[in-house]
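Colleague: This is the structure I have questions about; it appears just below.
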Amino acid sequence: MSGFKDGVPANTHPLNLVPGPEAPGEVSRIPLYEVYMRMAEELAKRSTCSRLQVGTVITDQTLENVLDKVVFVSASPCVMCAKLIINSGVTHLFYRKAYRDPTGVEVLQQGGVVPVLYDRWDQEWR
């Protein structure tokens, strides 16, 4: 492994890794991970919670089926949500902003879920 297709080193998801000795090229179009993250952000706008609007998109490792889920969330989860996420078979969780209490991310790590702060492309392609 020599690099990451989307240019985000924390994103160790298998589909993002560049195999072999060649380095990845410049990112010229919006990464698929960013597309899913923006879907979660749009869904957050429909939240009725007045304190924190959170949107979630759930997919799988190949970003098509329903096994080995991958989650895109507009804010990192609280502890209770992190426990539910672990129990639902999620392998990776991408989040745009950190929740005020980082314990949820710690619980995810302890439960074998890879949490990724995915904010590099927040201002691009808008």
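The values are calculated or read from the model by the stated rules, or taken from the named source; none is laboratory data. Just so you know, these numbers come straight off a predicted model, no measurement behind them. Note that we place each Cβ from the backbone using ideal geometry, even for glycine, and neighbour counts take in every protein chain shown. Surface areas here come from the heavy atoms of the whole protein model, side chains and all, with no ligands, DNA or RNA. Shrake-Rupley method; radii C 1.70, N 1.55, O 1.52, S 1.80 Å.
Colleague: Against the condition open to solvent by 30 Å² or more (accessible area, probe 1.4 Å), in a helix (DSSP H, G or I) and either modelled with pLDDT of 85 or more or over 23 Å from Arg126 (Cβ atoms) (or both), how does Met39 come out, does it pass?
Modeller: Details: open to solvent by 30 Å² or more (accessible area, probe 1.4 Å): yes; in a helix (DSSP H, G or I): yes; either modelled with pLDDT of 85 or more or over 23 Å from Arg126 (Cβ atoms) (or both): yes.
So Met39 fits the description; yes.
Colleague: Same structure, new question: Can you pull out the residues in segment 98-112 that are surrounded by 16 or more Cβ atoms within 10 Å (Cβ to Cβ) and at pLDDT 95 or above?
Modeller: Gly104, Val105, Val107, Leu108 - these are the residues of segment 98-112 that are surrounded by 16 or more Cβ atoms within 10 Å (Cβ to Cβ) and at pLDDT 95 or above.
Colleague: Hey, could you check segment 67-97 for residues that are open to solvent by 40 Å² or more (accessible area, probe 1.4 Å) and within 14 Å of Gly112 (Cα to Cα) and say which is modelled with the lowest pLDDT?
Modeller: Asp68
Colleague: Identify all residues within segment 113-126 that are over 15 Å from Val57 (Cα atoms) and open to solvent by less than 70 Å² (accessible area, probe 1.4 Å); write none if there are none.
Modeller: Val113, Val114, Trp121, Asp122
Colleague: Return the total of residues in segment 84-112 being touching a residue at least 24 places away in the same chain (Cβ under 8 Å) and under 16 Å from Asn16 (Cβ atoms).
Modeller: 3
Colleague: Can you tell which of Val105, Val116, Val54 is under 21 Å from Leu15 (Cβ atoms) and either among the hydrophobic types (A, V, I, L, M, F, W, C) or in a loop (DSSP other than H, G, I, E, B) (or both)?
Modeller: Val116
Colleague: On to the next question. Every residue in segment 5-27 that is assigned to a loop (DSSP other than H, G, I, E, B), modelled with pLDDT of 80 or more and open to solvent by 50 Å² or more (accessible area, probe 1.4 Å), please.
Modeller: Scanning segment 5-27 gives Lys5, Pro9, Ala10, Thr12.
Colleague: Quickly run through segment 75-96 and pick out the residues that are in contact with a Ser or Thr (Cβ under 7 Å, 6 or more places away or on another chain) and more than 18 Å from Pro9 (Cβ to Cβ).
Modeller: Hit for segment 75-96 is Val79, nothing else.
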